[in-house]
There are 2 protein chains.
Amino acid sequence: MSYSPGLHLLAELKSVDSNLLNDFTELKAFFMDRIRFYGLNQLGDVFHNFEGGGFTGMVCLTESHIAIHTWPEFNLATFDVYLSNYQKDNSAKAKSLFEDTADFFNTTDYTLREVRR
Amino acid sequence: MSYSPGLHLLAELKSVDSNLLNDFTELKAFFMDRIRFYGLNQLGDVFHNFEGGGFTGMVCLTESHIAIHTWPEFNLATFDVYLSNYQKDNSAKAKSLFEDTADFFNTTDYTLREVRR
């Protein structure tokens, strides 16, 4: 039997204020707020600041995951949100969560790929 | 300045033995072994078994991440490996890690997308 889990968005956010890319504290709080707002279910997370600036972070959800990796030296972040549709269609939430994240970084300069898995 | 972080592979592994998809214990040990083998650097991980079968897991790396989500009821897993090239080109390791994972699940029935980010 074939099954299509859901929508995975992959984005490269460019020309982002390097201050927002240096330390995960604000972004982690923002993700936690958005996860509650959209009624998603968090299983755990890993966030890590690199020496010299930049960070990496992941949030594991019952609906799949969110991931962020930043390169402040290039004013760049890559962002993933993958939400499966186990009990309801979460595609709109994935798209909104990406838009919220672009707003957080205050940029409209990005590439966005939509992968239906 | 433009910068291309690295290769992200997204796979749907199909027709997988549902026993391998039910519980993360074996796969987690396999990932840890492969991470050491390829000289990747783990920052943390989250693995979770769902009631009724199936699991979700992520490993956060300095090189980016690995993620797995399973649906034993559909003999399906989705797998991501995204390795950035900060100090060296890790594309070959990403591809090998995918091939190892398909071997672990003992399947050649999969779709694979390669995204250069």
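The values are calculated or read from the model by the stated rules, or taken from the named source; none is laboratory data. Quick caveat, the model's predicted, so the values are computed rather than measured. Note that each Cβ is placed from the backbone with ideal geometry, even for glycine, and that neighbours are counted across all protein chains shown. Quick note on the areas: whole protein, heavy atoms, side chains included, nothing else; ligands and nucleic acids left out. Shrake-Rupley method; radii C 1.70, N 1.55, O 1.52, S 1.80 Å.
A few comments on the model shown:
- Local charge for B:Lys28 was computed over the other residues whose Cβ lies under 15 Å away, with Lys and Arg +1 and Asp and Glu -1, and equals -3.
- Computed over the alpha carbons of chain A, Rg followed by Dmax gives 14.0, 49 Å.
- The stretch between B:Phe37 and B:Asp109 holds 23.4 nm of extra length on full extension. This uses 0.36 nm per residue minus the Cα-Cα distance.
- For segment B:58-117, alpha-carbon Rg relative to the globular expectation (2.2 N^0.38 Å, N residues): 1.18
- Going from the isolated chain to the complete set of protein chains, segment A:54-94 loses at least 40 Å² of heavy-atom accessible area (1.4 Å probe) at A:Met58, A:Cys60, A:His65, A:His69, A:Trp71, A:Phe74.
- The C-alpha atoms of chain B define a longest principal axis, and helix B:91-104 lies at about 10 degrees to it.
- Each part gets one Cα centre, and for segment A:68-117 versus segment B:1-32 those centres are 20 Å apart.
- Positive-end residue, chain A charge dipole about Cα centroid, Cβ charges, pick of A:Tyr3, A:Leu83, A:Thr107: A:Tyr3
- Accessible area per residue in Å² at 1.4 Å probe, computed on segment A:1-43: 50
- The charge dipole of chain B, taken about its Cα centre with unit charges on the Cβ of Lys, Arg, Asp and Glu (plus for the first two, minus for the last two), comes to roughly 560 debye.
- Label-point spacing for B:Tyr3 across the identical copies (point 7 Å from Cα in the Cβ direction), in nm and ascending order: 3.9.
- For the B-to-A rotation axis, chain B residue with nearest beta carbon and its distance in angstrom: B:Met58, 3
- Quarter of Cα convex hull surface for the protein assembly as shown, i.e. mean projection, nm²: 11.5
- Helix B:25-37 axis versus longest C-alpha principal axis of chain B: approximately 20°, rounded to the nearest ten.
- Expressed as a whole percent, the accessible area of segment A:1-115 that falls on carbon and sulfur atoms is 44 (1.4 Å probe).
- Plainly put, the tip 7 Å out from Cα toward Cβ on A:Lys88 is 4.8 nm from that tip on each other copy, the closest given first.
- Buried between A and B is an accessible area of approximately 2900 Å², summed over both sides with a 1.4 Å probe.
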